[in-house]
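The values are calculated or read from the model by the stated rules, or taken from the named source; none is laboratory data. No experiment lies behind these values; they were computed from the predicted model shown. Heads up, the Cβs are rebuilt from the backbone with ideal geometry, glycines too, and the neighbour counts pull from every protein chain shown.
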Amino acid sequence: MKLGFGFYRHMLNDDYYRFAKQCGCTHAVVHLVDYFKRGRSNSAGDQPVGDQYGWGVAGDPDALWSFEELAALKSELNRVGLELEAIENFDPAHWHDVLLDGPKKKQQLENLKTIIRNIGRAGIPVMGYNFSIAGVAGRVRFPDGRGGAEIVGMNGPVDLPMPNGMAWNIVYDENAKPGTVPTATREQLWQRLRDFLDAILPVAEECGVKLAAHPDDPPMPTVRGQPRLVYQPRLYQELIDLNSSPSNTLEFCVGTLAEMTEGNLYEAVENYSRQNRLAYVHLRNVRGKVPFYKETFIDEGEVDILRVLRILKGNRYDGVVVPDHAPQMTCTAPWHAGMAFALGYLRAAIQAV
Ligand SMILES: [Mn+2]
C-alpha cells in the first residue's frame with residue numbers, strides 16, 4: 001500500500017509538496033475544485049464545513065480542466081517525487097445539472113467526457129467523484145476533541161431545503177430565482193447516477209481512467225431534504241452492480257462507512273476489497289454513527305485502523321491510502337500538525353502490517 005496526501009486547491013505549491021514528501025507520502029490526490037471560494041463561514045485553514053449557505057461559490061463553467069494544466073500539475077508533482085494518483089471531485093460548475101437533472105445536463109455530460117479524456121491523456125489513473133445533490137452538508141465543528149482539539153462531526157439531522165442555484169453544497173448560480181430546489185425521489189436520483197455512468201464509463205474505460213465513487217458524507221438517508229445514494233455499506237454493491245465496466249470503482253471512505261448505522265465495517269472492507277473494486281482508500285477515525293458522530297484523531301475512535309489495513313493487505317490491495325480529514329492541533333500550524341500526525345500514524349501502521 002502507498003501513502004497519499006490530499007491536496008486542496010490552495011495547497012498546490014512547493015511548500016505543500018515538500019511537506020507531503022517530508023511526511024513520507026509517495027502519492028498525491030488533488031482537489032481541483034476550490035471549496036473555499038468566497039465562503040462565508042468556511043476558512044481554507046481546515047477541511048470545508050460551511051453553513052446553510054454552503055462552502056462557497058463554484059468555478060468557471062466554461063473553464064474545463066485542460067490537458068495542459070493537468071499535465072503541468074503532474075510534472076510539477078513528479079519533480080518533487082510524488083505520483084499523481086487521482087483528481088478528487090468534479091466542480092459543481094461543470095455538472096450541477098447532471099446532479100439535478102437540469103436543462104444543461106446533456107452539454108455537461110459532454111463536458112465531463114472532455115475532462116475525463118484530458119485526465120487520461122495526462123496519465124492520471126483515477127477520477128474520484130461524489131454523486132450527491134446536497135453534497136457534504138450538515139456537519140458542524142465541536143471544540144471537544146482530545147485535548148480540546150477542534151473536530152468535525154454531526155449533531156442531528158439537517159433537512160433545511162437547499163436554495164435554488166446550489167448543488168453539492170456549493171453555489172453555482174448566484175442570480176438564481178428565489179426558492180428552493182425541489183426534492184428528488186430516490187428512484188430519480190439512482191436514474192441520474194445511471195445516466196451519468198452510462199455516459200461517462202465508456203469514455204473512462206477507453207482512456208484508462210477509473211471513475212471512483214465516494215459514499216455520501218454524512219451518510220444519512222436524506223440531507224437538506226434530498227435523498228442520498230450510498231448511506232449504508234450494502235448500497236455500494238448496488239452502485240457496482242449498475243455497470244460492469246472495470247472503470248466503475250470506489251473511492252472507498254472508511255470513516256464514512258464507519259458512520260453508517262447498518263452493517264459491519266470490517267465485513268464491508270473485506271467484501272469490497274475482495275471484489276478488487278477499490279481505486280483508492282480514505283482512512284480516518286470516528287466515534288458514533290449518524291446523525292451523531294465526531295471525527296477523532298486517527299489513533300482513537302471506534303475504527304481499528306490496523307485491522308482495516310490487514311484486511312486490505314489480505315485481499316492484495318496495493319493502492320493509495322490517504323487520510324481524507326484530520327483534526328486540527330493547537331499550535332502555530334494547526335492543519336499541518338494534524339495532518340502530519342495522521343500521516344505518521346498511517347505510515348507506521350502500513351509498515352507494521
Ligand atoms: Mn472521505
Check your understanding: Only one of (1) within 17 Å of ALA204 (Cα to Cα); (2) among the hydrophobic types (A, V, I, L, M, F, W, C); (3) surrounded by fewer than 18 Cβ atoms within 10 Å (Cβ to Cβ) is not met by ALA63, so which one is it?
Key -> (1)
Check your understanding: Counting just the residues of segment 170-188 that are within 30 Å of VAL286 (Cα to Cα) and buried (at least 20 other Cβ atoms within 10 Å of the Cβ), which one comes out nearest to the ligand (Cβ to nearest atom)?
Key -> ILE170
Practice item. Scan segment 316-340 for residues that are crowded, with 17+ Cβ neighbours inside 10 Å and outside any helix (DSSP H, G or I) and jot them down. Key: TYR317, GLY319, VAL320, VAL321, VAL322, PRO323, ASP324, HIS325, ALA326, PRO327, GLN328, MET329
Review point. For HIS27, which of the numbered conditions (1) in contact with a Leu (Cβ under 6 Å, 6 or more places away or on another chain); (2) under 21 Å from VAL281 (Cα atoms) fails to hold?
Key: (1)
Exercise for review: Search segment 220-231 for residues being touching a residue at least 24 places away in the same chain (Cβ under 8 Å) and within 16 Å of the ligand (Cβ to nearest atom), and hand back the single one that is nearest to ASN164 (Cα to Cα).
Suggested key: VAL223
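In segment 41-60, what residues are within 15 Å of VAL140 (Cβ to Cβ) and either crowded, with 19+ Cβ neighbours inside 10 Å or among the charged types (D, E, K, R) (or both)?
Correct list: ASN42, ASP46, GLN47, PRO48, VAL49, GLY50, ASP51, GLY54, TRP55.
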Point to revise | Matching residues, segment 234-258, being without any contact (Cβ under 8 Å) to a residue 60 or more places away in the chain and within 14 Å of the ligand (Cβ to nearest atom) | key: TYR236, LEU250, PHE252, VAL254, THR256, LEU257, ALA258
Point to revise | Residue among ALA86, ALA134 that alone is crowded, with 24+ Cβ neighbours inside 10 Å, part of a loop (DSSP other than H, G, I, E, B) and under 19 Å from the mean Cα position of the chain (by Cα) | key: ALA134
Practice item. Could you list all residues from segment 1-19 that are surrounded by 21 or more Cβ atoms within 10 Å (Cβ to Cβ) and closer than 22 Å to ALA149 by Cβ? Key: PHE5, GLY6
Revision key, fill the gap. Pairing a residue in segment 195-219 that is more than 16 Å from the ligand (Cβ to nearest atom) with any residue that is modelled with pLDDT of 95 or more and of a type in the set (D, E, K, R), where Cβ atoms lie under 6 Å and the two sit 6 or more apart in sequence or on different chains, gives VAL203/LYS113; CYS207/ARG117
Check your understanding: When only residues in segment 167-220 that are part of a strand (DSSP E or B) and of a type in the set (A, V, I, L, M) count, which is nearest to ARG234 (Cα to Cα)?
Key -> ALA213
Exercise for review: Give the residue, chosen from LEU343, LEU306, that is within 21 Å of the chain's Cα centre (by Cα), more than 15 Å from the ligand (Cβ to nearest atom) and either outside any loop (DSSP other than H, G, I, E, B) or within 26 Å of ASP241 (Cα to Cα) (or both).
Suggested key: LEU343
Exercise for review: Being of a type in the set (Ser, Thr, Tyr) and within 14 Å of the ligand (Cβ to nearest atom) is the filter here, so list the residues in segment 259-285 that pass it.
Suggested key: TYR280
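With respect to ILE124, is the statement that it is hydrophobic (A, V, I, L, M, F, W, C) and in a helix (DSSP H, G or I) true?
It is false that ILE124 is hydrophobic (A, V, I, L, M, F, W, C) and in a helix (DSSP H, G or I).
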